[in-house]
Amino acid sequence: MKARDTARLSALRLIAAALKDREIAARSDAGEPAELGDDDLIAILSRMVKQRQESARAYEEGGRLELAEKELAEIAVIQAYLPRQLSDAEVAEAIAKVVTDLGASSIRDMGRVMGELRARHAGQMDFGAAGPLVKARLMG
């Protein structure tokens with residue numbers, strides 16, 4: 001606030017509001033506050049990034065570049081609070097390791113492989129993009 005960084009302040013307020021909404025939704029019937037774990041926080045922040053990526057793409061297609069830039073700036077702030085994303089090579093290596101560790105050999109093992117990837121690398125990779133890589137690895 002003191003630095004007058006309004007874009008960062010706005011993004012941080014959005015994060016705080018999303019976390020507060022999740023805490024309220026997770027309250028027990030007795031009104032007890034719920035503790036959010038790291039996995040919950042990563043999931044919330046990842047969802048926020050994904051929403052803003054979709055919005056930025058829609059704004060760009062609609063010719064609203066100033067709004068797209070605002071969304072991209074918010075993404076940068078939110079990603080600062082997420083674990084580092086794996087590179088393409090690291091994703092391929094992680095997939096190979098999980099396939100080897102589980103002894104996965106056919107497409108029927110895809111669910112187990114994806115589940116293990118999610119457990120080991122939550123918030124570190126785009127699982128929508130990892131799915132086809134896993135499928136190609138198991139089929140070929």
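Does any residue of the range 2-16 turn out to be free of Cβ contacts under 8 Å to residues at least 60 places away in the same chain and touching a helix residue (DSSP H, G or I) at 6+ places or on another chain (Cβ under 7 Å)?
First, pick out the residues of the range 2-16 that are free of Cβ contacts under 8 Å to residues at least 60 places away in the same chain: 2-6, 9, 13, 16.
Then keep just the ones that are touching a helix residue (DSSP H, G or I) at 6+ places or on another chain (Cβ under 7 Å); that gives none.
For the range 2-16, residues free of Cβ contacts under 8 Å to residues at least 60 places away in the same chain and touching a helix residue (DSSP H, G or I) at 6+ places or on another chain (Cβ under 7 Å): absent.
In this structure, is ASP21 part of a helix (DSSP H, G or I) and open to solvent by 90 Å² or more (accessible area, probe 1.4 Å)? So that I can check it myself, show each step before the final result.
Working: part of a helix (DSSP H, G or I): yes; open to solvent by 90 Å² or more (accessible area, probe 1.4 Å): yes.
Criteria met by ASP21.
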Selection status of ASP126, of a type outside the set (Phe, Trp, Tyr) and under 26 Å from ARG8 (Cβ atoms): yes
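The values are calculated or read from the model by the stated rules, or taken from the named source; none is laboratory data. Computed from a predicted structure; not experimentally measured. Please note: Cβ atoms are built from the backbone with ideal geometry, for glycine as well, and neighbour counts cover all protein chains shown. In case anyone asks, the SASA skips ligands and DNA or RNA and just uses the protein heavy atoms, side chains included. Shrake-Rupley method; radii C 1.70, N 1.55, O 1.52, S 1.80 Å.
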